[in-house]
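For reference, the structure discussed in these notes is given below.
The values are calculated or read from the model by the stated rules, or taken from the named source; none is laboratory data. Because the structure is a prediction, the values reported are computed rather than measured. Here the Cβ is made from the backbone with ideal geometry for all residues, glycine too, and neighbour counts use every protein chain on show.
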Amino acid sequence: MIALSNIAHLSTAGPEEILRPVRPWFIAVTLGVALAANLLPLSGVALALRPDFIALVLLYWCIQEPRYVGVGVAWGVGLLMDVGDATLFGQHALAYALLAYAAEYFRRRVLRFSLWQQAAQVAVLLGLCAGLVLLVRYVGGAPLPRWTYAVPPLAGALLWPVLTVALQWAQRPQRSSAEL
Amino acid sequence: MRYIPVEPPPFFRRGPSPLARLVFFGLISIVLLFVDTRYRYLEGLRMVAATILYPFQRAAQLPGEALASVGDYFTSLRALSEDNAKLTRQAAEHAAAAQAFASTQQENVRLRALLDARTRYASAAKAVEVLYTGRDPFAQKLFVDKGADADIQPGEAVIDADGVVGQVTRVYPNMAEVTLVTDKDHAVPVKVERSGVRSVLYGAGAGRAPELRFMAPSADIQVGDVLVTSGLDGTYPPGLAVARVATLERETGQIFARIACAPIAGVDRSEHLLVLGQGAAAFPRPEEPALSDTTKKAGKGKRRGSP
């Protein structure tokens with residue numbers, strides 16, 4: 001049960017495992033679930049802690065499957081998120097497009113690291129994304145948010161290893177343990 | 001070190017490079033940001049996106065609703081009977097006030113008729129529930145579960161059992177966006193209930209207390225004073241509790257007093273709200289001086305909601 005032990009140790013698929021090709025509908029479903037998770041009716045501490053699930057899932061697919069998910073998809077999803085949050089039109093779209101570009105730029109390097117080392121780099125990318133939103137809003141005249149603004153990117157980075165293993169689950173080869 | 005070409009060979013080409021796409025979409029975003037900040041032309045696009053988004057929003061509600069219904073099921077009999085006793089007692093207390101109110105209102109109508117004053121219409125109120133609070137840390141907004149389907153209009157006042165919560169700023173087909181009194185861009189015309197001093201309560205953003213600005217240090221205000229809506233804006237009906245004066249600093253060097261207030265309503269807690277329909281309470285606006293200005297404001301006025 002290689003796959004199960006991988007869950008326990010939170011590691012990616014090793015070089016001996018060849019992932020099966022991802023189905024486009026699976027990407028769409030995960031993005032839909034992330035969208036719903038972002039719209040969860042939370043308040044108080046849960047709201048302050050809630051990571052940006054869409055940014056995380058977009059980042060994952062941009063790194064793993066750049067042929068399906070890139071700057072354009074990220075931008076479109078960002079527009080939907082702008083409406084969901086009633087923020088300025090284009091704010092999330094711009095941030096997610098930049099995130100997708102950064103993922104495209106860094107993807108070959110990021111994948112060489114272990115999951116927790118990847119998480120550290122993901123924190124930087126998510127922080128960049130949040131920083132861009134902050135810049136856009138600050139230029140628009142909004143007050144500076146409290147320090148809790150920095151929490152969601154960090155929470156998102158902590159979720160990264162779990163998310164990677166969970167999303168790779170569907171692509172893991174089925175009978176790898178028998179052959180190894 | 002060998003140079004690795006960034007461009008893939010022609011047979012791996014997949015359209016424009018990521019950088020070209022980023023520049024393209026980035027420019028569109030910046031144009032959208034600018035247009036959305038300066039003008040209100042994008043409401044149609046917002047409606048379309050909101051319709052796409054609606055199933056996801058409903059899906060996000062489901063876990064919470066399921067948990068709530070399970071919780072309801074296991075509510076103990078004792079809690080229910082305690083609740084019932086409390087509500088009955090409250091109803092009895094309110095009944096006396098309501099009866100007095102009915103006679104007072106009739107008296108008021110007669111007196112107003114004698115004075116030839118404008119009648120204040122009691123308008124229909126719509127009970128709504130909070131769907132979720134906005135994720136945007138820069139704005140204080142929440143979303144309620146009724147919109148154009150329940151004939152909610154932009155600009156209508158939203159209250160809870162204790163006082164004013166905010167104002168409807170956007171209406172979608174099945175939900176509405178409420179800007180809270182604590183939002184930075186929100187202002188409520190108020191008066192001090194005790195002394196009748198008029199002022200405007202400005203929101204200050206998340207985690208900061210709303211404040212009364214530009215009040216002379218000699219103004220008749222004390223800590224603990226209740227601020228009620230003055231009704232001068234035609235948006236909020238007069239007499240609704242808004243906030244209580246929390247701290248008051250009168251420094252000798254300053255032109256204005258520094259007055260911080262605490263909202264009375266459960267602005268960040270209440271789940272059941274009431275949207276007050278706009279009766280004919282609004283006074284007509286004075287004529288705009290220049291014609292060109294009025295045509296310009298016609299588009300913007302949509303958001304304010306007052307005719």
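For B:Ser76, the criteria (1) within 10 Å of chain A (Cβ to nearest Cβ); (2) over 29 Å from A:Tyr138 (Cα atoms) hold in every case but one, which is (1).
Do we find a residue being closer than 23 Å to B:Arg170 by Cα, modelled with pLDDT under 90 and among the hydrophobic types (A, V, I, L, M, F, W, C) anywhere in the stretch A:87-108? Scanning the stretch A:87-108, I find at least one residue that is closer than 23 Å to B:Arg170 by Cα, modelled with pLDDT under 90 and among the hydrophobic types (A, V, I, L, M, F, W, C), so the answer is yes.
For every residue, the table says whether it meets (1) touching a residue at least 60 places away in the same chain (Cβ under 8 Å); (2) buried (at least 21 other Cβ atoms within 10 Å of the Cβ).
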residue: B:Gly163; (1), (2): yes, yes
residue: B:Gly166; (1), (2): yes, yes
residue: B:Asp183; (1), (2): no, yes
residue: B:Ala187; (1), (2): no, no
residue: B:Gln222; (1), (2): no, no
residue: B:Val226; (1), (2): no, no
residue: B:Arg244; (1), (2): no, no
residue: B:Val275; (1), (2): yes, yes
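Hey, can you tell me all the residues within the stretch A:38-79 that are at the interface with chain B (Cβ under 9 Å from one of its Cβ atoms), crowded, with 21+ Cβ neighbours inside 10 Å and either modelled with pLDDT of 85 or more or over 17 Å from the mean Cα position of the chain (by Cα) (or both)? Matches in the stretch A:38-79: A:Asn38, A:Asp52, A:Gly70, A:Val71, A:Ala74, A:Trp75, A:Gly78, A:Leu79. One residue stands out in the stretch A:157-180 among those that are of a type in the set (S, T, N, Q) and more than 30 Å from A:Leu126 (Cβ to Cβ): the one that is modelled with the highest pLDDT, namely A:Gln174.
Scanning the stretch B:136-152 for residues that are farther than 16 Å from B:Met47 by Cβ, away from chain A (no Cβ under 11 Å) and of a type in the set (Gly, Ala, Ser) returns a single hit, B:Ala150.
If you filter the stretch B:155-171 down to residues that are of a type outside the set (Asp, Glu) and over 8 Å from the mean Cα position of the chain (by Cα), you find that the one that is farthest from A:Leu88 (Cα to Cα) is B:Ala161.
Does A:Arg146 satisfy the criteria of being at the interface with chain B (Cβ under 10 Å from one of its Cβ atoms) and over 24 Å from B:Ala59 (Cβ atoms)? Give the steps one after another, and end with the answer.
Values: at the interface with chain B (Cβ under 10 Å from one of its Cβ atoms): yes; over 24 Å from B:Ala59 (Cβ atoms): yes.
For A:Arg146, the condition - at the interface with chain B (Cβ under 10 Å from one of its Cβ atoms) and over 24 Å from B:Ala59 (Cβ atoms) - is met.
Restricting attention to the stretch A:128-138, and to residues there that are in contact with a Leu (Cβ under 9 Å, 6 or more places away or on another chain) and closer than 14 Å to A:Thr87 by Cβ, which single residue is nearest to the other protein chains (Cβ to nearest Cβ)?
Keep residues of the stretch A:128-138 that are in contact with a Leu (Cβ under 9 Å, 6 or more places away or on another chain), which gives A:128-129, A:132-134, A:136-138.
Pick out the ones that are also closer than 14 Å to A:Thr87 by Cβ and you get A:129, A:132-134, A:136-138.
Working: A:Cys129: 13, A:Leu132: 10, A:Val133: 8, A:Leu134: 8, A:Val136: 6, A:Arg137: 5, A:Tyr138: 9 Å.
Step by step, filter the stretch A:128-138, then rank; the result is A:Arg137.
Scanning the stretch B:114-130 finds no residues that are modelled with pLDDT under 85 and within 14 Å of chain A (Cβ to nearest Cβ).
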